[in-house]
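Note sheet for the following structure.
Nothing in this text is a laboratory measurement; each read-out follows from the coordinates by a stated rule. From a predicted model like this one, the values you see are computed outputs, not experimental measurements. Cβ atoms come from the backbone with ideal geometry, glycine included; neighbour counts cover every protein chain shown.
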Amino acid sequence: KHQENRVKTAVGIEQTEYNRQIKFGPEEKTLETTMPFVKGNEFNYSDILFWMDAQDRPTWAVAAIFIFAVIFIITAVSNGANLTDGIDGLAAGSSAVIMAAISMFVFVSGNLMFADYLNIMFIPRSEEVLIFCGAFLGGLIGFIWYNTYPAQVFMGDTGSLTIGGIIAVLAIIVRKELLLPILCGIFFAESLSVMLQVSYFKYTKKKFGEGRRIFLMSPLHHHFQKLGYHESKIVVRAIIIGIILAVISIITLKIR
């Protein structure tokens, strides 16, 4: 609701001030999420059943779609982080950049004024997750200190799978999971390189009797190692690309 008041400036120019009275109802659970780069940026998972009227969509079917989406997202990001953990500092450095961006999303989603200004979903009490995000980001930075080349401490599958799972869950909490292919672009590229390599090898082996490869070695960071790049150069450049992708993800709050 807007109230328009006319005021005079020092030079006598008439301006308009808007005093916004923000009203919101009780909390409600919803299957809506954020669709990046779209003006009306909300997408409801139940809309996948587009051939049915909203009131006729069975609850079990809608729930099954959402559960499948959550399982797929968590599994994909978790495995992407695991595949990225192949050289010193790569997985932890990329994850730290992603966590910094997610912390920003958590903060603005849990603040009524920022959520209203940015026209994004206001998620009550999500700012409490920011405490966990800060602790997790601090843990990653502390780990990187000892994991840079040559590494003194190693992560292992348990750590990388957990990091990917946490990133996916936090993105789902703040309804930014559809941004993950951009935000987690390094993870996505590593996973895609493995899928392409394996698929092409199996296809060529079946067709020609001999398996052929797209990359010298997968995941992607090993391809660059085979080309002669040093580990440190690969990691630093991956982090730079990750920072650019994080910035692009953040500006989607306003670019639609």
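Judged by the mean number of other Cβ atoms found within 10 Å, the most tightly packed of the peptides 131-138, 101-108 leads the ranking 101-108, 131-138. The long axis of helix 129-147 is offset from the longest Cα principal axis of the chain by roughly 30 degrees. Overall, the chain carries a charge dipole of about 780 debye about its Cα centre when +1 sits on the Cβ of Lys and Arg and -1 on the Cβ of Asp and Glu, all other atoms neutral.
Over the chain, what is the mean sequence separation of C-alpha contacts under 8 Å (at least six apart), divided by residue count, expressed as relative contact order in percent? About 24 percent, as a whole number. Computed 3J(HN,Hα) for the range 199-213, one whole-Hz value per residue from the Karplus formula 6.51 cos²θ - 1.76 cosθ + 1.60 where θ = phi - 60°, is 5, 5, 4, 5, 5, 5, 5, 6, 7, 10, x, 9, x, 10, 10, glycine and proline marked x. Spatially, the range 136-154 and the range 56-93 are offset by 24 Å when compared through their Cα centroids.
Helix-only arithmetic for the chain: the sum of -39500 (n - 2.57) across DSSP H runs with n ≥ 4, divided by the residue total, places the mean residue ellipticity at 222 nm at -19000 deg cm²/dmol. Between E42 and M35, the built amide H atoms are under 5 Å apart, and every one of these is 5 or more places off in sequence or on another chain. Which entry is the computed Cα Rg over 2.2 N^0.38 Å for this structure: (i) 0.97; (ii) 1.29; (iii) 1.25? Among (i) 0.97; (ii) 1.29; (iii) 1.25, the one derived from this structure is (iii).
Couplings 3J(HN,Hα) of the range 30-46, computed from phi: 8, 9, 6, 9, 9, 9, x, 6, 10, 4, x, 8, 10, 10, 9, 4, 5 Hz, in residue order, whole Hz [Karplus 6.51 cos²θ - 1.76 cosθ + 1.60, θ = phi - 60°; x for Gly and Pro].
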